[in-house]
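Q: Below is one structure. I have some questions about it.
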Amino acid sequence: MNYITEIQRLKREKNAVVLAHCYQNIEIDEVADYIGDSLYLSQMAAKTDADIIIFAGVYFMAQTAKILNPSKKVILPNLKAGCAMADMINLQQLREFKKQNPNIPTVCYINSTAEVKSECDICCTSSNAIKIVESLKSPKVLFLPDKNLGRWVEKQLENVEVITYNGCCPIHDRFDPGAIRETKFQYPHALVLAHPECPEEFSSRADYVGSTSGIMNFVKNSNEKQFIVATEKGVLDRLKRDNPNKQFYYIHNVPSICQSMKLNTVLDIYYVLKNEAQEITVDKEIAQKALKCIERMLEVSK
Ligand code: 13P
Ligand code: SF4
């Protein structure tokens, strides 16, 4: 059986859409209706009128889609696809963090659970984090779970103290300044592009720091021909496919695969779509509170 053709047929029959994050196995793009970063995919999840949303991404992304569009059936192809950073803070730890820093607005990265979102003021993604923190017009903000993104945002803004929780993405946190030097030595004319989840000591040496869509747009609009890319491998795969006249290099000796993102396969998509299995549900009360936090972000990002 050709699973790709079968998925396309089932999508039409069941009025379903497939959303795919750029860190997914690249062959999933063949069955995807929307491909992009966390912000773009949550915007698409909020406005789709399909009956079924298959979210090829990780758990918090499918959960966010369900919160934004609760009447739809939201399905995660592989329920084991979690996010190590989102798991670094639970409700109890959030409450403790807030207790230690009282009366300060709280910003949570979209890479967090629905429970955590339900007790934060506003959410952000890597592509709008600066704008979101600025929108609060507060001299201090609490930022969680990602310390690296929080510190990067603080560096971009004057007069805002960003108090960060001690979480990080284990994949992006591996990029270190020594590795940048080595790779630059081999490709001296290449520009270094980094995701803001990389540690500050790394991103401060990069030529451009930005979200998944930021990096992709930078390459598209640049006249340069060579790039060293410090983010998850899926982005490199898509950059190579979409820019055949440009060269892309990995940072030496830094494995950059998010194994969790790679758990979803075309076969899983076929199976869950056919059987309408692995639906995501969110507790109603939590979902209502988390929705306010996510909607505030979408309002600021318009
Ligand atoms: P983006 O917001 O750039 O899509 O990143 C999501 C993510 O999980 C990064 O590790
Ligand atoms: Fe989470 Fe990092 Fe994987 Fe993104 S790359 S989903 S932050 S573990």
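Q: When you scan the stretch 230-241, how many residues do you find that are without any contact (Cβ under 8 Å) to a residue 60 or more places away in the chain, touching a helix residue (DSSP H, G or I) at 6+ places or on another chain (Cβ under 8 Å) and away from ligand 2 (no atom under 14 Å from the Cβ)?
A: Of the residues in the stretch 230-241, 1 are without any contact (Cβ under 8 Å) to a residue 60 or more places away in the chain, touching a helix residue (DSSP H, G or I) at 6+ places or on another chain (Cβ under 8 Å) and away from ligand 2 (no atom under 14 Å from the Cβ).
Q: Take the residues of the stretch 273-295 that are among the acidic types (Asp, Glu) and assigned to a helix (DSSP H, G or I): which is surrounded by the most Cβ atoms within 10 Å (Cβ to Cβ)?
A: Taking the candidates together, the pick is GLU295.
Q: Of these, VAL141, VAL209, which one is in contact with a Pro (Cβ under 8 Å, 6 or more places away or on another chain) and away from ligand 1 (no atom under 14 Å from the Cβ)?
A: Going through VAL141, VAL209 in turn, the sole match is VAL141.
Q: Go through the stretch 230-261 and count every residue that is within 13 Å of ligand 1 (Cβ to nearest atom) and modelled with pLDDT of 95 or more.
A: Adding up the residues that qualify gives 12.
Q: Here's something else I'd like to know. Exactly one condition in (1) more than 16 Å from ligand 1 (Cβ to nearest atom); (2) in contact with a helix residue (DSSP H, G or I) (Cβ under 8 Å, 6 or more places away or on another chain); (3) under 28 Å from LYS98 (Cα atoms) is not met by ASN159; state its number.
A: Checking ASN159 against (1) more than 16 Å from ligand 1 (Cβ to nearest atom); (2) in contact with a helix residue (DSSP H, G or I) (Cβ under 8 Å, 6 or more places away or on another chain); (3) under 28 Å from LYS98 (Cα atoms), the one that fails is (2).
Q: Could you look through the stretch 35-49, keep only residues that are of a type outside the set (A, V, I, L, M) and buried (at least 16 other Cβ atoms within 10 Å of the Cβ), and pick out the one that is farthest from ligand 2 (Cβ to nearest atom)?
A: In this case the residue turns out to be THR48.
Q: Just to be sure I understand the filter: pairs with C-beta atoms under 9 Å, separated by 6 or more residues or on different chains, first member in the stretch 245-272 and under 22 Å from ALA84 (Cα atoms) and part of a helix (DSSP H, G or I), second member of a type in the set (Phe, Trp, Tyr) and at pLDDT 95 or above. Which pairs pass?
A: Close Cβ pairs satisfying both conditions: MET261/TYR23; LYS262/TYR23.
Q: Would you list the strands (runs of 3 or more DSSP E) that sit entirely within the stretch 17-131 and hold 1 or more residues that are within 14 Å of ligand 1 (Cβ to nearest atom)?
A: Because the criterion is at least 1 residues that are within 14 Å of ligand 1 (Cβ to nearest atom), the strands (runs of 3 or more DSSP E) in the stretch 17-131 that meet it are 34-36, 52-56, 106-109, 122-124.
Q: Then there is this: Cβ-Cβ below 8 Å, separation at least six or inter-chain, first residue in the stretch 165-178 and under 13 Å from SER112 (Cβ atoms), second among the small types (Gly, Ala, Ser): which pairs?
A: TYR165/GLY150; CYS169/ALA84
The values are calculated or read from the model by the stated rules, or taken from the named source; none is laboratory data. A quick note: this is a predicted structure, and the numbers were derived from the prediction, not measured. For neighbour counting, all protein chains shown are included, and Cβ atoms are generated from backbone atoms with ideal geometry for every residue, glycine included.
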